1. Specify which of the listed residues (G56, G10, G31) is in contact with a Ser or Thr (Cβ under 8 Å, 6 or more places away or on another chain), surrounded by 13 or more Cβ atoms within 10 Å (Cβ to Cβ) and in a strand (DSSP E or B).
2. Report whether or not G96 is open to solvent by less than 60 Å² (accessible area, probe 1.4 Å) and either free of Cβ contacts under 8 Å to residues at least 24 places away in the same chain or of a type in the set (G, A, S) (or both).
3. When the residues of the stretch 86-117 are filtered to those that are among the hydrophobic types (A, V, I, L, M, F, W, C) and under 15 Å from V65 (Cβ atoms), which remaining residue is nearest to the chain's Cα centre (by Cα)?
4. Kindly check whether there is at least one residue in the stretch 72-85 that is part of a loop (DSSP other than H, G, I, E, B) and either open to solvent by 90 Å² or more (accessible area, probe 1.4 Å) or at negative phi (or both).
5. Within the stretch 13-28, take every residue that is at positive phi and exposed (fewer than 14 other Cβ atoms within 10 Å of the Cβ) and give me the one that is farthest from the chain's Cα centre (by Cα).
6. In the stretch 38-85, what residues are touching a helix residue (DSSP H, G or I) at 6+ places or on another chain (Cβ under 9 Å) and touching a residue at least 40 places away in the same chain (Cβ under 8 Å)?
7. Residue check: is G88 open to solvent by less than 70 Å² (accessible area, probe 1.4 Å) and either within 29 Å of P108 (Cα to Cα) or in contact (Cβ under 8 Å) with a residue 40 or more places away in the chain (or both)?
Amino acid sequence: LPIEPGHEHGVLVDTGKVNFAGTDLSHADLGYRPTGSASLALANSTDQPARVVLIGGTPFDEDIVMWWNFVGRTHAEIAEARATWESGDRFGTVSGGGDPLPAPPMPPVTLKPRGRA
């Protein structure tokens with residue numbers, strides 16, 4: 001599979017089992033490839049159907065804060081995203097999906113950016 005070498009890429013497995021760049025992945029596993037590759041090796045490793053989501057893009061120029069379902073640059077951005085999620089004003093609804101999952105309480109410490117691997 002040809003890809004943009006300047007982008008990071010990930011494969012999220014929805015159903016089935018796949019081999020992604022030499023690593024076996026199953027349901028809910030996320031495989032990651034850093035920048036620098038012009039192609040990805042991706043194969044269904046069984047005779048059962050598999051479904052994956054390919055995600056990727058230009059790497060962030062800065063360190064990021066990740067918590068629950070949110071990504072931001074600071075603790076304050078994460079807290080704002082949580083409040084927006086809880087208000088129900090921005091993210092919409094999924095038909096037939098029931099009530100949205102409530103966000104857990106913010107941790108009692110300041111969230112810090114992650115360093116790069």
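The values are calculated or read from the model by the stated rules, or taken from the named source; none is laboratory data. Computed from a predicted model, the values in this text were never measured in an experiment. Cβ atoms come from the backbone with ideal geometry, glycine included; neighbour counts cover every protein chain shown. Keep in mind that these areas ignore ligands, DNA and RNA; they rest on the heavy atoms of the full protein, side chains included. Shrake-Rupley method; radii C 1.70, N 1.55, O 1.52, S 1.80 Å.
1. None of the other options fit; the residue is G31.
2. For G96, the condition - open to solvent by less than 60 Å² (accessible area, probe 1.4 Å) and either free of Cβ contacts under 8 Å to residues at least 24 places away in the same chain or of a type in the set (G, A, S) (or both) - is not met.
3. Ranking the qualifying residues of the stretch 86-117, first place goes to A103.
4. Yes; the residues of the stretch 72-85 include at least one that is part of a loop (DSSP other than H, G, I, E, B) and either open to solvent by 90 Å² or more (accessible area, probe 1.4 Å) or at negative phi (or both).
5. Only one residue tops the list, namely G22.
6. Passing the criteria: V65, M66, W67.
7. Judged against the criteria, G88 is a match.
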